[in-house]
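I have placed the structure first, in the form of C-alpha cells, so that the comments after it can refer back to it.
The values are calculated or read from the model by the stated rules, or taken from the named source; none is laboratory data. Just so it is clear, the structure is predicted and the values come from calculations on it, not from any experiment. Glycine also receives a Cβ, built like all others from the backbone with ideal geometry; neighbour counts cover every protein chain displayed.
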C-alpha cells in the first residue's frame, strides 16, 4: 500500500480556495491568521475542512494557540476574565505545518506547558447578564 504524499502547492491551493486570498499572498511560511487575515470562525472552518480533506487526526490540536474567536471580544465577561487565546502565546499555522501534518496524518505541533481554568468564566458571566436582563424585561412587562 502506498502513502499519499501531498505537495506544498496543493496545500497552498487549498488555502487560496478556502480564504479567497491571492495565490501570491500564500507563501510556505505565511501565518494564516496574521498574514492572510484568516481568523475566528473562518480559521476554524478552514482547519475542519483541512482535517477532513487530508485525513489528519486533530486530537492534540488546541485552537486557542492559533486563532481568536468571534463574538466575544467586547463582552462583559471579558472585562473580568481573559479568553483562552489571550492566556497563551500564539503559535502561527503555516502552509508548511499543514503540509507536514497532512503527510503524517496527524497534527504535529506540540504545545508548551500551560493551564486554563476548567470553566469559561467570561462566557458564564455573559450568560448570567443575559438571564438577568430577560428577567428584568419580563418583570417590567408584567408590572
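Quick one: which residue in 12, 53 is buried (at least 16 other Cβ atoms within 10 Å of the Cβ) and in a helix (DSSP H, G or I)? Break it down into steps so the answer makes sense when it comes.
Numbers: 53 fails: buried (at least 16 other Cβ atoms within 10 Å of the Cβ).
Of 12, 53, the one residue that is buried (at least 16 other Cβ atoms within 10 Å of the Cβ) and in a helix (DSSP H, G or I) is 12.
Could you tell me whether region 41-50 includes any residue that is in a loop (DSSP other than H, G, I, E, B) and in contact with a helix residue (DSSP H, G or I) (Cβ under 8 Å, 6 or more places away or on another chain)? Within region 41-50, none of the residues are in a loop (DSSP other than H, G, I, E, B) and in contact with a helix residue (DSSP H, G or I) (Cβ under 8 Å, 6 or more places away or on another chain). Just one of the numbered conditions (1) over 17 Å from residue 92 (Cα atoms); (2) in a helix (DSSP H, G or I) is not true of residue 6: (2). May I ask you to verify whether residue 75 is in a loop (DSSP other than H, G, I, E, B) and more than 30 Å from residue 30 (Cα to Cα)? Yes.
Yes/no matrix, rows are residues, columns are (1) touching a residue at least 12 places away in the same chain (Cβ under 8 Å); (2) more than 30 Å from residue 8 (Cβ to Cβ); (3) in contact with a strand residue (DSSP E or B) (Cβ under 9 Å, 6 or more places away or on another chain):
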residue	(1), (2), (3)
55	yes, no, no
67	yes, no, no
81	yes, yes, no
102	yes, no, no
123	yes, yes, no
127	no, yes, no
132	no, yes, no
138	no, yes, no
143	no, yes, no
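Every condition in (1) assigned to a loop (DSSP other than H, G, I, E, B); (2) at pLDDT 90 or above; (3) exposed (fewer than 13 other Cβ atoms within 10 Å of the Cβ) is met by residue 108 except one, and the failing one is (3).
Taking the criterion of being outside any helix (DSSP H, G or I), within 17 Å of the chain's Cα centre (by Cα), surrounded by 12 or more Cβ atoms within 10 Å (Cβ to Cβ) and at pLDDT below 90, would at least one residue in region 111-124 satisfy it? Yes, there is a match, as at least one residue in region 111-124 is outside any helix (DSSP H, G or I), within 17 Å of the chain's Cα centre (by Cα), surrounded by 12 or more Cβ atoms within 10 Å (Cβ to Cβ) and at pLDDT below 90. So residue 93 passes all but one of these: (1) surrounded by 14 or more Cβ atoms within 10 Å (Cβ to Cβ); (2) free of Cβ contacts under 8 Å to residues at least 60 places away in the same chain; (3) assigned to a loop (DSSP other than H, G, I, E, B). Which condition number does it fail? Unmet condition: (2).
Looking only at residues of region 20-49 that are farther than 21 Å from residue 85 by Cα and free of Cβ contacts under 8 Å to residues at least 60 places away in the same chain, we find that the one that is surrounded by the fewest Cβ atoms within 10 Å (Cβ to Cβ) is 24.
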